[in-house]
Amino acid sequence: MDKIFSLNLRHLAALPATARAGSINGAAEAANLSQPALAQAIGKIERVLACRLFDRQPDGVVLTPAGKIMTTRVERALRYLLRGVRLARRSARLQPAMHIERRITMAQLRALIAVESSSSYALAAKETGLSQPAVHRAVRDLQEVLGITLLVRVGRAVRPADAASRFARFARLMLSELRAGVDEIGALGGSDAGRIRLGTLPMARALFLPNLLARFATAHPATLIEVIEAPYGELLNTLRQGEIDLLIGARRDPPPASDVRQEDLFDDEPVIVGRPGHPLCSGASPPTPAEMLAFPWIIPARGAPMRSNWERMFLSRDIEPPRLRIESGSVLVARGLMLQGDWLTLMSRDQFLFESRAGMLTEISAPGSALHRRIVMATRSDWKPTQLQADFVQLAHAIGREHNRPRA
């Protein structure tokens, strides 16, 4: 089990209070615990994290390096929880209430997140290792604490109410902060055995991402890097909930959300691609957009930057784009169709490189710099990366600059 679920939220809240007071005695009242209970709470956290958070001295306590890390992360985590509580109650048109977050338990958050993501108590019980009655009870108790309905039964499934989805997002961000603290504490011993969770889209997977991963893995052999491939909307949602740390894909204008920051990495050049021997390959000069109207296209759905580029390629010449027969952003689907007939697509030059070398596809035309896309790294605007994550970001920018250099 993830060790953060062994932590007690009320005990965690005592860490910042103890750090500010500089003593167990001074913090006990602020934490609403007795002095022995507060000392036991801190001791339990230290056992779970396998490190010492405070140095005990005759005149009080002093934060250790691990204690400074965890106190900072706990403060950020509890702010996320408080924001989630306030937003959930506001969405239900309830008045603010004092210190509701102090009554929430880690077991309740764990149960809600599992049910909200699976829409099933049975699946949530399997995921958490708890019994179904325990999951039911935890969610019911959380609803009573918050004073709102979190889950609505629809047939045999359960659907999260809007308030539940809003609250669960901030609960996930809270858990992400605590996990980051655990990773940072682990790094104090000289280990780089942290974790980086990266979402990516196709245009970054051919050259840029393998280069980045190979070089980072060589420099940090103990680090686990999780690469998640999914549609942009799904990746954006997981980024905003703290379930991935970074997202690499095409720039969105306007930005996709106010809490997301986009940092430029490199420019991507789309090329028009078809099968070897395609009729458009036979001309002495590159085909015009008008000549391309006669052939079927496979292009991503509306909203994708590549789709916008494709439409602009025709509209800039006052030509209505052809009616699409297939909408798909899958490189595998596009390749399979092009091998079957005279289909065309726009593809990143980096993606196309391997297909070209294998002789499977050929470049029909290069639309030019007007259709270049900016590839960016998206992060949450309030993200506080661990040192390991900061190193990854720095290396990504360095490789992005290399990628932008003219190629021989």
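Readers should treat all values here as calculations from the given coordinates under stated rules, not as data from a laboratory. Predicted model, so just to flag it, every value in this text is computed and none were measured. FYI the Cβ positions are ideal-geometry reconstructions off the backbone, even for glycines, and counts take in every protein chain you see.
In a solvent-free Debye calculation with one equal scatterer on each Cα, what is log10 I(q)/I(0) for the range 270-368 at q = 0.23 Å⁻¹, listed in the order of the q values?
Reported log10 I(q)/I(0), two decimals: -1.37.
How large is the dipole of the range 3-169 about the Cα centre if only Lys and Arg carry +1 and Asp and Glu carry -1, each at its Cβ, rounded to the nearest 20 debye?
Once rounded to the nearest 20, the dipole reads 520 debye.
Report, largest value first, the span of the C-alpha coordinates of the chain along each principal axis, in whole Å.
Largest first, the chain extends 87, 52, 35 Å along its Cα principal axes.
Show me 152-158, 287-293, 64-70 ranked by packing, highest mean number of other Cβ atoms within 10 Å first.
64-70, 287-293, 152-158
Cα centroid distance between the range 15-74 and the range 184-250, in Å?
33
Tell me the volume per residue, in Å³, of the convex hull enclosing the alpha carbons of the range 157-249.
106
Counting alpha carbon pairs within less than 8 Å and at least 6 residues apart, what relative contact order, in whole percent, applies to the chain?
This gives 15 percent for the chain.
Using only the alpha-carbon atoms of the range 108-165, report the extent along each of the three principal axes, biggest first, to the nearest angstrom.
26, 23, 15
For the range 186-298, state the average projected area of the convex hull of the C-alpha atoms over all orientations, rounded to one decimal in nm².
Projected area, direction-averaged: 10.8 nm².
To the nearest 20 debye, what is the magnitude of the charge dipole of the chain about its Cα centre, counting +1 on the Cβ of each Lys and Arg and -1 on the Cβ of each Asp and Glu?
So the magnitude is around 1220 debye.
Rounded to the nearest 0.05, what FRET efficiency do Asn32 and Ala222 give with R0 = 45 Å and r taken as the Cβ-Cβ distance? Could you check?
0.65
Where does each of 140-147, 180-187 land if you order them by average Cβ count within 10 Å, highest first?
180-187, 140-147
Please work out whether the range 129-194 counts as rounded, prolate or oblate from its C-alpha gyration tensor, where a ≥ b ≥ c are the square roots of the eigenvalues and a/c under 1.5 means rounded, while otherwise a/b larger than b/c means prolate and anything else oblate?
prolate
To the nearest 20 debye, what is the magnitude of the charge dipole of the range 270-368 about its Cα centre, counting +1 on the Cβ of each Lys and Arg and -1 on the Cβ of each Asp and Glu?
My answer is approximately 160 debye.
Once the dipole of the range 3-169 is set up with Lys and Arg at +1 and Asp and Glu at -1 on Cβ about the Cα centre, which of His99, Ile45, Leu12 lies farthest towards its positive end?
Towards the positive end, the residue furthest out is His99.
Find how many whole Å separate the alpha carbon centroid of the range 262-311 from the alpha carbon centroid of the range 316-384.
Cα centroid of the range 316-384 versus Cα centroid of the range 262-311: 6 Å apart.
With a ≥ b ≥ c the root eigenvalues of the C-alpha gyration tensor of the range 162-206, is it rounded (a/c under 1.5), prolate (a/b larger than b/c) or oblate?
It is oblate, given that a/c is not under 1.5 and a/b is not larger than b/c.
Between their Cα atoms, which of Lys44/Lys384; Lys44/Lys126; Lys68/Lys384 are more than 19 Å away from each other?
Lys44/Lys384; Lys44/Lys126
Give me the distance in nm between label points sitting 7 Å out from Cα along the Cα-to-Cβ direction at Arg401 and Arg156, one decimal.
Between Arg401 and Arg156, the label points sit 5.8 nm apart.
Using just the helices of the chain, give the 222 nm mean residue ellipticity in deg cm²/dmol: DSSP H runs with n ≥ 4 each add -39,500 (n - 2.57), and the total is spread over all residues, rounded to 500.
Computed mean residue ellipticity for the chain: -15500 deg cm²/dmol.
Name the residue farthest towards the positive end of the dipole of the chain from the options Thr200, Ala168, Ser34, assuming +1 on Cβ of Lys and Arg, -1 on Cβ of Asp and Glu, about the Cα centre.
Toward the positive end, the furthest listed residue is Ser34.
Over the residues of the range 68-130, compute the C-alpha Rg and express it relative to 2.2 N^0.38 Å.
1.33
DSSP beta bridges in the chain, what fraction antiparallel, as a percent rounded to 5?
Around 70 percent of the beta bridges assigned by DSSP in the chain are antiparallel ones.
Could you tell me how many cubic angstrom of Cα convex hull volume the range 3-169 has per residue?
112
Taking amide H positions as placed in the peptide plane 1.01 Å from N, state which residues far from Arg159 in sequence (5 or more) or on other chains have amide H under 5 Å from it.
Val152, Arg153, Val154
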